[in-house]
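Asks: Take this structure, written in structure tokens, and hold onto it; I'll ask about it next.
The values are calculated or read from the model by the stated rules, or taken from the named source; none is laboratory data. Note that this is a predicted model, so its numbers are computed, not measured. For neighbour counting, all protein chains shown are included, and Cβ atoms are generated from backbone atoms with ideal geometry for every residue, glycine included. These accessible areas exclude ligands, DNA and RNA; they are computed on the full protein's heavy atoms, side chains included. Shrake-Rupley method; radii C 1.70, N 1.55, O 1.52, S 1.80 Å.
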Amino acid sequence: MAQYTRVSGSVGLITLQSPPVNALSAAVRQGIVDSMQRALSEPEVKSVVICGQNGIFSGGADIKEFGGQMSGPPLIPMIHAIEAASKPVVAAIEGIALGGGLELALGCHYRIAHSKARVGLPEVTLGLLPGAGGSQRLPRLIGVPAALDLITTGRYVTAAEALKFGLVDQITDHNTVNVAVKFAQRVAGQPLDARRISTYPCLCPPDVDVLFEEVMQRVRRTARGAIAPIACVQAVRAAATLPYNQGMERERELMATLFTSGQTRALQYFFFAQRAVGRWSMPSGARWDTSKPRPVHKAAVIGLGTMGRGITVALAQAGFSVVAVETQEKQLMEAKQAISGMLERGAKRRGVAPALDKINYGCNIQSVADVDLVIEAVFEDMALKKKVFQQLSAVCKPGTFLCSNTSGLDIDQLACQTRNPELVVGMHFFAPAHVMKLLEVVYGPKSSPLAVATAMQLGKKIGKVSVAVGNCRGFVGNRMLKPYLEQALFLLEEGATPEFVDQVLEEFGFAMGVFRMSDLSGLDVGWKVRMADGLAVPNPTTGQATRLRQGRRYSPLGDLLCEQGRFGQKTGRGWYQYNKPGSQVAKPDPWLHSFLDEYRARHTLVARRIDHQEVLERCLYSMINEGFRILEDGIAAGPEDIDVIYVFGYSWPRHRGGPMFYATTVGLNKVLERLEHYHQAHPDVPSLQPCDLLRKLVGSGSPPIQKWREVIKKVRSQL
Ligand code: CAA
Ligand code: NAI
């Protein structure tokens, strides 16, 4: 709702009231319409101020209302009526003015913002465009280039930047509402014609066509199949080329297409999924709201290779004191140089001082004695990690949390090496650790809620999206990656090329196809794991046994490449060829194609034509099937956890909502039916065998994803 009061005798003050972010729900819109009518009809009122309660102007349209029937007054005529009002209307922007909230402010005649406020039009991140006149008013107010930037990226800008753009008229460090009320008194009675943004011409730079062309090309390149960024460019182009009313008509048409596209539904789901993962729970019943974290002031990182360096940078940049430990002076110095460079580059980008003095470097593990939390990032070697955990347990003060960045080893085995296994959790970062948003917080059977809560909070403080997951081989992300990679290899055996498989996956929206991604990560990493598991063996017997190991189909293709020293980008050869080691430009490699031909001939495999559909279905459905198993096993508490992990850690296209949400858009029955089909064709591939939970969900009528937790609970209680 919105509260109406008269202040200072002549100012009508409308306060939006809809906690927590004063979203423009039906009740709020009704409140604004009623209050405006009242303000305009009261002769004592000479001007109006609109503000939001609790220091927040508005977080925009109420996203929860999007799925349902539209009720209450629509936003567009409401904003038009405010702009057309005969009395001046001033927006007092505190906290945030986002989306429809900013569009409301753009309908006002003046905008005054607190210096700490942030404004933006993030609709594109929800698969929409600023459809309440924002795409037409913003370019008229701040010019086409700046409007294109804000609308196509959805980025939030500070009050200072908004003032520079001319998006707000004034900023203040004082009480914004008081300042706005005084301002409103001052402008009462002044003519308003020059304050109505919809009447402004849209000023374009001379080379505006070139600008639109460039932006459109950039957006198409980066959108990975998302349609909203493209519609945003088209809407701004309408503002630049059409009269306001026709521009509004174009905005409406584009918005209607987006609303029915399916992508916006996925992005809205993802908006709430991102927030849902913060409300973690453990099978023991421990939860986010009943488990208090302990503050961390000083942390340590053990092992300063690829991951340890990034983790150290992330911690130091967030203001934590860090003790950074390597084995020997030479490695330590190399790491120090690399970390300092990363900090300096990051600080330059953000216009701040580099946090170099936050880090103390050393080669002695004793130096971590007084830290509150340790993150171990040494080689992926269980024996080594066990030794490090024993040392840490002996050295660290009581109560220190001991965390491992292992990509998939058993957290419980590490916990068992320590005096206090309840203080041990996994903190699985993703490379590069100071950039990637995802953190899997892995709890073992002994991990305490305190340790999980502390790791989750630390993740949040260093800007990560943290997801609490159970302990199993590969946790959630890497466990689901296994069948996906496996299917990609099988497809090569059956006739596909790496380029074709990657092209299909990239067209689907992945930033990189599976083979380009493997080349980037390094093929040797998985090879070592397979050797440790006894899967990759040198000189296996020829024939069927080579392709059948431990009772299931196995493709040795990755092992054979590694045996040739082809580890991917780092060696300049992998599934593709590169100009030189370390180069990132992948080119098809004729050697690889002949190698595949020879391999098929050796194993009497006849290459067949494989189409897009088969690549997508086998790679994605096998991964989704593993996701259902993960839910069944209780490793992830809900489908949102899996989807957030895949979008933030594995470049799953956000506009498809994540693998589990994607399954709902395909139809669970279709996923089941296709898995059955492929399993029948490949009975020696267990990952294609549909799991029980998927069958149960289909059996219970494929309930919406928000209801899965109930079915999961039932399935798990029957185990
Ligand atoms: N509608 C409904 N709920 C919203 C919301 C919105 N626009 N914005 C935030 N919320 C809810 C969140 O879901 C969360 O709810 P829970 O506590 O139940 O999880 C709560 O408000 C707090 O949000 P955050 O946890 O994100 O809190 P924060 O302080 O970290 O961030 C924020 C606050 C900056 C407003 C952030 O929530 C945000 O960016 N929200 C999105 C705003 C947005 O995209 N607005 C545009 C909507 S589309 C539109 O406006 C166009 C149109 O007219 C059609
Ligand atoms: P890396 O090989 O780049 O670095 C490991 C570092 O640990 C080396 O610098 C080594 O000198 C140091 N080290 C070894 N023993 C040590 C000891 N006892 N004390 C102090 N330092 C020691 O390895 P990377 O890639 O950084 O991996 C580290 C961990 O992170 C592994 O467990 C890995 O599985 C995991 N991980 C790796 C990811 C990646 O993409 N590289 C992603 C996520 C997790």
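Asks: Among all the lysines, which ones have a C-alpha under 25 Å from Lys116's C-alpha, if same-chain residues fewer than 8 places away are not counted?
Replies: Cross-link targets: Lys164, Lys182, Lys348, Lys437, Lys460, Lys461, Lys464.
Asks: Further question on the same structure: Taking every DSSP beta bridge that has both residues in the chain, what percent is antiparallel when rounded to the nearest 5? Intermediate results must be reported in sequence, preceding the final value.
Replies: Values: 20 of 67 bridges.
So the antiparallel bridges amount to about 30 percent of the total.
Asks: Only sites in a loop by DSSP and with at most 11 other Cβ atoms within 10 Å count here; which trypsin sites (Lys or Arg not before Pro) in the stretch 575-610 make the cut?
Replies: When the trypsin sites (Lys or Arg not before Pro) of the stretch 575-610 are filtered for loop state and at most 11 Cβ neighbours within 10 Å, Arg608, Arg609 remain.
Asks: Of Gln457, Gln487, Gln503, which is farthest on the positive side of the dipole of the stretch 454-544, counting Cα position, with +1 on Lys and Arg Cβ, -1 on Asp and Glu Cβ, and the Cα centre as origin?
Replies: Gln457
Asks: Moving to a separate point now. For the chain, give the magnitude of the charge dipole about the Cα centre (Cβ charges: +1 Lys/Arg, -1 Asp/Glu; no others), in debye to the nearest 20. Each step should come with its number before you reach the end.
Replies: Values: 81 positive and 65 negative charges, 220 e Å.
Roughly 1060 debye, rounded to the nearest 20.
Asks: Starting at 0 and stepping by 10 Å, how many percent of the alpha carbon pairs of the stretch 603-698 end up in each bin?
Replies: Once binned at 10 Å, the Cα pair distances of the stretch 603-698 give 16, 47, 28, 8, 1.
Asks: If you don't mind, another one. Would you be so kind as to identify which of Ser717, Gly143, Val90 lies farthest towards the positive end of the dipole of the chain, taking Lys and Arg as +1 and Asp and Glu as -1 on Cβ and the Cα centre as origin?
Replies: About the Cα centre, the residue reaching furthest to the positive side is Val90.
Asks: Continuing with the same structure: So what are the stretch 31-70's ellipsoid semi-axes, whole angstrom, largest first, if each one is the square root of 5 times an eigenvalue of the alpha-carbon gyration tensor?
Replies: Numbers: eigenvalues 145, 45, 6 Å².
Over the Cα atoms of the stretch 31-70, the ellipsoid semi-axes are 27, 15, 5 Å.
Asks: For Lys397, which aspartates and glutamates qualify as cross-link partners when the Cα separation must be under 19 Å and same-chain residues fewer than eight apart are set aside?
Replies: Once the sequence-local aspartates and glutamates are set aside, what remains near Lys397 is Asp370, Asp372, Glu376, Glu422.
Asks: So, with +1 on the Cβ of K and R and -1 on the Cβ of D and E, and no other charges, what is the size of the charge dipole of the stretch 65-119 about its Cα centre, to the nearest 20 debye?
Replies: Charge dipole of the stretch 65-119: 200 debye, to the nearest 20.
Asks: To continue, here is another question. Under a cut-off of 21 Å between alpha-carbon atoms, report the lysines in cross-link reach of Lys714, not counting same-chain residues fewer than 8 places apart.
Replies: Reachable lysines: Lys696.
Asks: Further question: State the percent of C-alpha pairs, over all pairs in the stretch 124-236, separated by a distance greater than 25 angstrom. Numbers along the way, then the final one.
Replies: On the way: 2086 of 6328 pairs.
The answer is 33 percent, as a whole percent.
Asks: Okay, next question. When N is the residue count of the chain, what does its C-alpha Rg come to as a fraction of 2.2 N^0.38 Å? Kindly include the intermediate steps, with their values, before the conclusion.
Replies: Numbers: Rg = 28.5 Å, N = 719, 2.2 N^0.38 = 26.8 Å.
The chain yields a ratio of 1.06.
Asks: Run the numbers on the chain and let me know its relative contact order in percent, using alpha-carbon pairs under 8 Å that are six or more apart.
Replies: Relative contact order here is 9 percent.
Asks: Over the stretch 612-717, what relative contact order in percent results from Cα pairs under 8 Å that are six or more residues apart? Before the final figure, lay out the partial values.
Replies: Values: 102 pairs, mean separation 34.3, N = 106.
RCO, the stretch 612-717: 32 percent.
Asks: If you place +1 on the Cβ of every Lys and Arg and -1 on the Cβ of every Asp and Glu, how big does the dipole about the Cα centre of the stretch 471-618 come out, in debye to the nearest 20? It would help to have the intermediate numbers written out before the result.
Replies: Details: 20 positive and 18 negative charges, 101 e Å.
Value, rounded to 20: 480 debye.
Asks: By accessible area of protein heavy atoms, probe 1.4 Å, what ranking do Val685, Val352 get, highest first?
Replies: Details: Val685 0, Val352 75 Å².
Result of the area sort, largest leading: Val352, Val685.
Asks: Right, here's the next one. Across all directions of projection, what mean area in square nanometres is found for the Cα convex hull of the stretch 517-602? Could the numbers behind the result be given before it?
Replies: Values: hull surface 22.4 nm².
Result: a mean projected hull area of 5.6 nm².
Asks: Positive end of the charge dipole of the stretch 204-341 (Lys, Arg +1 and Asp, Glu -1 on Cβ, about the Cα centre): tell me which of Ile230, Gln337, Phe272 has its Cα farthest that way.
Replies: Phe272
Asks: So what is the relative contact order of the stretch 150-259, in percent, for Cα pairs below 8 Å that sit 6 or more residues apart? Mind showing how you got there, number by number?
Replies: Working: 45 pairs, mean separation 26.5, N = 110.
It rounds to 24 percent for the stretch 150-259.
Asks: While we're on this one: Please state the shape class of the stretch 123-166: rounded when a/c is under 1.5, otherwise prolate if a/b exceeds b/c and oblate if not, all from the C-alpha gyration tensor. Provide the component values of the computation, followed by the final result.
Replies: Details: a/c = 2.05, a/b = 1.36, b/c = 1.52.
Judged from the Cα gyration tensor, the stretch 123-166 comes out oblate (a/c at least 1.5, b/c at or above a/b).
Asks: While we're here: Quick one: accessible surface of Leu485, probe radius 1.4 Å, all protein chains present, in square angstrom to the nearest 10.
Replies: Surface open to solvent at Leu485 totals about 60 Å².
Asks: Are there trypsin sites (Lys or Arg not before Pro) in the stretch 473-570 that DSSP puts in a loop and that have at most 10 other Cβ atoms within 10 Å, and which ones?
Replies: On the way: sites: Arg473, Arg479, Arg516, Lys528, Arg530, Arg547, Arg549, Arg552, Arg553, Arg566, Lys570; in loops: Arg473, Arg566.
Answer in residue order: no site qualifies.
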